[in-house]
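Following: one structure in structure tokens, then a few remarks.
The values are calculated or read from the model by the stated rules, or taken from the named source; none is laboratory data. Quick caveat: nothing in here was measured; it's all calculated off a predicted structure. Every residue, glycine as well, gets a Cβ built from its backbone with ideal geometry; the counts of neighbours run over all protein chains shown.
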Amino acid sequence: MTPRRRPLFLSLAVAAVLLGMTACFPLPGLSDSDENESAPTQTQTADPTESAGAESGDDPLAERQEFFEAQQLPLDGTPLVAVTPAQKEFISQQRAYVEGQGSTWSAQDENISLALAADACETAILNSHRIDASTLQTHVATSPLFAAILPKDADAATLAAGERNVASVMVFGTSFLCPDDSAAWQSAFTEVYGG
């Protein structure tokens, strides 16, 4: 199944990211892909209040709206901040990991991490929760967030490692924002980037 066009939320989130972006998002292992091996993994159980899904039936647009409302995501381009318990836990773990790698954490990092995860959850909803390697590859290739975060002048190896690390943050975030889709995203990630 071909992913549907990027919706309004992504455009607004990208606008907020780009307005605040002055440098690449400090991701663990951006210059050394081996560092990503110790990235945090998530085994959180699904909280039905965090993932809008089954109650919308076959209307992905209504389900997407329910997801935005449940996640309290602003649609006006306001930078994202963790507000739900699951979002706060995601940001807490991601921040601890990034700081543990010797980087500093900022409000911009929180905004980008939440935008990456929310965008993946939105893609899952609009693809009727069918996520596979092809979905992940298309999502990454067409994502303005990935394009904005990854260095434009990097060599192929650095770019590939950076893409893998950004995708890792995105997939890790789905285990908090849309836990019902997380296993499919993780499986697709493993197929595309390896374990």
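Output yes when any residue across the range 153-165 is under 20 Å from GLN87 (Cβ atoms) and surrounded by 23 or more Cβ atoms within 10 Å (Cβ to Cβ), and no when none is.
No, the conditions are met nowhere in the range 153-165.
Would the range 49-67 turn up any residue that is modelled with pLDDT under 50, farther than 26 Å from LEU126 by Cβ and not hydroxyl-bearing (Ser, Thr, Tyr)? Before the answer, list the steps.
Residues of the range 49-67 modelled with pLDDT under 50: 49-56.
Subsequent filtering for residues that are farther than 26 Å from LEU126 by Cβ retains none.
No: zero hits.
Quick check on the range 66-85. Is at least one of its residues small (Gly, Ala, Ser), under 14 Å from the mean Cα position of the chain (by Cα) and either surrounded by 14 or more Cβ atoms within 10 Å (Cβ to Cβ) or farther than 20 Å from GLY195 by Cβ (or both)?
Going through the range 66-85, the residues small (Gly, Ala, Ser) turn out to be 70, 77, 82.
Keeping just the survivors that are under 14 Å from the mean Cα position of the chain (by Cα) gives 82.
Restricting the remaining residues to those that are either surrounded by 14 or more Cβ atoms within 10 Å (Cβ to Cβ) or farther than 20 Å from GLY195 by Cβ (or both) gives 82.
The answer is yes; a qualifying residue exists.
Residues that are more than 21 Å from LEU177 (Cα to Cα) and touching a helix residue (DSSP H, G or I) at 6+ places or on another chain (Cβ under 7 Å), at least 1 per element: which helices (runs of 4 or more DSSP H) completely within the range 101-167 meet that? Outline the logic, then answer.
Values: elements: 107-126, 133-142, 144-149.
Those helices (runs of 4 or more DSSP H) span 144-149.
Criterion first (polar (S, T, N, Q), buried (at least 20 other Cβ atoms within 10 Å of the Cβ) and touching a residue at least 60 places away in the same chain (Cβ under 8 Å)) does THR135 satisfy it? Lay out the reasoning, then the answer.
Working: polar (S, T, N, Q): yes; buried (at least 20 other Cβ atoms within 10 Å of the Cβ): yes; touching a residue at least 60 places away in the same chain (Cβ under 8 Å): yes.
Taking the combined requirement at face value, the residue satisfies it.
So if I check each of ALA124, ALA96, ALA118, ALA148, which one is among the hydrophobic types (A, V, I, L, M, F, W, C), farther than 15 Å from VAL192 by Cβ and modelled with pLDDT under 95?
Values: ALA124 fails: modelled with pLDDT under 95; ALA96 fails: modelled with pLDDT under 95; ALA118 fails: modelled with pLDDT under 95.
The unique qualifying residue is ALA148.
Can you pull out the residues in the range 156-180 that are of a type in the set (S, T, N, Q) and closer than 18 Å to ALA115 by Cβ? Step through it out loud before you land on a result.
Taking the range 156-180 and keeping what is of a type in the set (S, T, N, Q), we get 158, 165, 168, 174-175.
Across the range 156-180, the qualifying residues are ASN165, SER168, THR174, SER175.
If a residue must be without any contact (Cβ under 8 Å) to a residue 60 or more places away in the chain and among the small types (Gly, Ala, Ser), how many such residues does the range 166-184 contain? Full working, then the answer.
Within the range 166-184, the first condition is being without any contact (Cβ under 8 Å) to a residue 60 or more places away in the chain, and the residues that meet it are 167, 170-171, 174, 183.
Narrowing the set further to residues that are among the small types (Gly, Ala, Ser) leaves 167, 183.
Of the residues in the range 166-184, 2 are without any contact (Cβ under 8 Å) to a residue 60 or more places away in the chain and among the small types (Gly, Ala, Ser).
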